[in-house]
Amino acid sequence: MKNSTKLFVGLLLFIAIGWSLDKSNELIPQTKITAVTYVYEKDKTEIPSLVAVGINKLNIEKGVIATSIEIDAFDGTGEIPKQYQTPIAAAKAAGVPDTISALLVATSGDKVLQTVKEPTTDTQVLEVVP
Amino acid sequence: MNEIPANLVDVVLPVDEQGYPESEMLADRESGVLWDCCGSASRAFPKSLWVEPREWEARSKENDRNKTWPINYIDRFTNQVPTHECTNHSLTRNIEGARNRARGIIYPDGPKKEFRYEQSAKAGSVWFSAMWPYNKANPRIRGGAGVRQVLEYACTYGMMPDKIQPVDYKFKHTMPGTMGRGNKNQSHGDWVSVAEMPDGWQETAKHFKPLEVIFPESWEQAVSLVINGILVSVGRDGHAIPWARWLWDRQMMEYPDSYDVLRYDSLRTVKYAWQGSFAIVSVTSPDDWRYPAGIAA
């Protein structure tokens with residue numbers, strides 16, 4: 001194959017790969033995390049100081065609603081608050097309070113995107129929100 | 001190490017300013033009294049919150065670095081001069097702190113006189129009236145109220161929002177924050193008896209109830225709770241206040257007093273004042289922090 005032909009084929013391949021990468025990004029929806037909840041059982045754990053730092057930073061710097069909620073959270077009517085139904089269900093399914101003391105739950109609406117078992121550092125908290 | 005002025009340590013108010021009568025204090029210290037008054041909200045001190053005294057220094061330094069003391073969940077002072085509302089000012093700090101701790105916002109310098117954090121409005125911080133449930137515990141206005149009474153009413157009915165809030169939450173029912181001086185972040189007004197409270201007030205108050213309350217059984221447990229970011233409300237020498245920071249290097253408790261000022265209890269005071277104390281660990285949470293009492297509740 002002539003050098004010019006090789007160059008042309010290589011260029012075509014390069015363009016094709018670039019296009020497919022661009023298209024592949026469009027095909028994978030980017031779901032935005034809207035809330036991060038540290039769900040814990042106070043009889044098993046405190047809120048670690050660095051976790052509180054991470055939670056605060058998510059609120060201030062990332063614009064997500066980041067909170068720390070006891071597994072037995074209720075609203076004024078005696079129901080589980082709507083915003084915590086998904087994270088509390090995820091925490092219970094993961095074993096809070098029976099087998100683990102806490103679960104960090106990152107959600108988008110009522111969808112769980114990521115969880116971290118028993119986080120102890122601000123880094124672990126901050127990493128759930130890219 | 002900054003010197004703490006001696007006039008801010010172990011402060012005993014003049015008798016006519018004391019709002020926590022000795023008779024009430026002694027009754028509150030009877031075994032089981034506070035536990036009974038909180039009903040289903042009462043909780044035993046859990047092992048998970050115990051901090052060995054040999055770890056107090058390290059944990060305190062961590063809190064100093066990270067600003068995760070209970071004082072860092074308090075975003076305002078209140079001012080009760082010249083009323084006897086102290087047990088309620090202490091109660092409102094305690095429940096506000098528990099709520100802010102859950103909300104996950106750190107107020108880096110704690111309460112500051114005549115200062116309002118922008119974050120208070122953004123985070124849905126709610127300020128509660130100290131007139132309720134004082135008005136139910138003591139309808140005679142002067143003379144103070146006992147801890148068990150105000151705690152019982154808080155657990156039963158909830159707390160009433162102050163007329164002044166960081167942002168307009170469109171509360172249907174509010175009350176003046178105090179009959180005393182108040183400040184930029186606390187309204188003041190004439191006495192409102194229980195009969196004069198706005199119709200349907202319970203529908204707003206129920207959204208702000210303690211869910212779990214712990215009663216320390218030793219001064220070391222009280223220090224452990226503070227190290228874990230939890231306010232401990234205590235009554236001593238005729239006055240009720242919330243312990244909010246353990247100064248490990250001075251062996252003192254720092255507290256935001258309801259006189260727009262930080263004051264301190266020495267170790268000697270801590271060792272007896274812990275009796276009859278309480279710590280609100282969790283509070284009812286809203287469906288949406290932007291609407292603390294629901295939509296137009």
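The table below lists the values:
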quantity	calculated
Listing of helices (runs of 4 or more DSSP H) fully contained in the stretch A:1-108 that carry 1 or more residues being modelled with pLDDT of 95 or more and surrounded by fewer than 16 Cβ atoms within 10 Å (Cβ to Cβ)	A:82-94
The one condition in (1) of a type outside the set (A, V, I, L, M); (2) within 14 Å of chain A (Cβ to nearest Cβ); (3) closer than 20 Å to B:Arg76 by Cβ that B:Trp201 fails to fulfil	(3)
In the stretch B:121-140, the residues that are in a helix (DSSP H, G or I) and under 17 Å from A:Gly63 (Cβ atoms)	B:Ala121, B:Lys122
Scan of the stretch B:47-63 for residues that are under 12 Å from B:Asp249 (Cα atoms) and of a type in the set (Ser, Thr, Tyr), ordered by number	B:Ser60
Those residues of the stretch B:76-108 which are part of a loop (DSSP other than H, G, I, E, B) and either within 15 Å of B:Trp132 (Cβ to Cβ) or out of contact with any Pro (no Cβ under 6 Å at 6 or more places or on another chain) (or both), in sequence order	B:Thr78, B:Gln80, B:Val81, B:Pro82, B:Thr83, B:His84, B:Glu85, B:Gly104, B:Ile105, B:Ile106, B:Tyr107, B:Pro108
Filter result for the condition that a residue is out of contact with any Asp or Glu (no Cβ under 8 Å at 6 or more places or on another chain), of a type in the set (Ser, Thr, Tyr) and surrounded by fewer than 17 Cβ atoms within 10 Å (Cβ to Cβ), over B:Ser48, B:Ser31	B:Ser31
Pair list, Cβ < 7 Å and 6+ apart or interchain, from the stretch A:43-62 residues that are more than 7 Å from chain B (Cβ to nearest Cβ) to residues that are surrounded by fewer than 24 Cβ atoms within 10 Å (Cβ to Cβ) and assigned to a loop (DSSP other than H, G, I, E, B)	A:Pro48/A:Thr120; A:Val51/A:Pro119; A:Val51/A:Thr120; A:Leu58/A:Val64; A:Leu58/A:Val129; A:Lys62/A:Val129
B:Asp64 being among the acidic types (Asp, Glu), out of contact with any helix residue (DSSP H, G or I) (no Cβ under 7 Å at 6 or more places or on another chain) and within 14 Å of chain A (Cβ to nearest Cβ)	yes
The stretch B:186-232, residues that are β-branched (Val, Ile, Thr), part of a loop (DSSP other than H, G, I, E, B) and surrounded by fewer than 20 Cβ atoms within 10 Å (Cβ to Cβ)	B:Val192
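The values are calculated or read from the model by the stated rules, or taken from the named source; none is laboratory data. In this text, all values refer to a predicted model and were calculated from it rather than measured experimentally. Note that each Cβ is placed from the backbone with ideal geometry, even for glycine, and that neighbours are counted across all protein chains shown.
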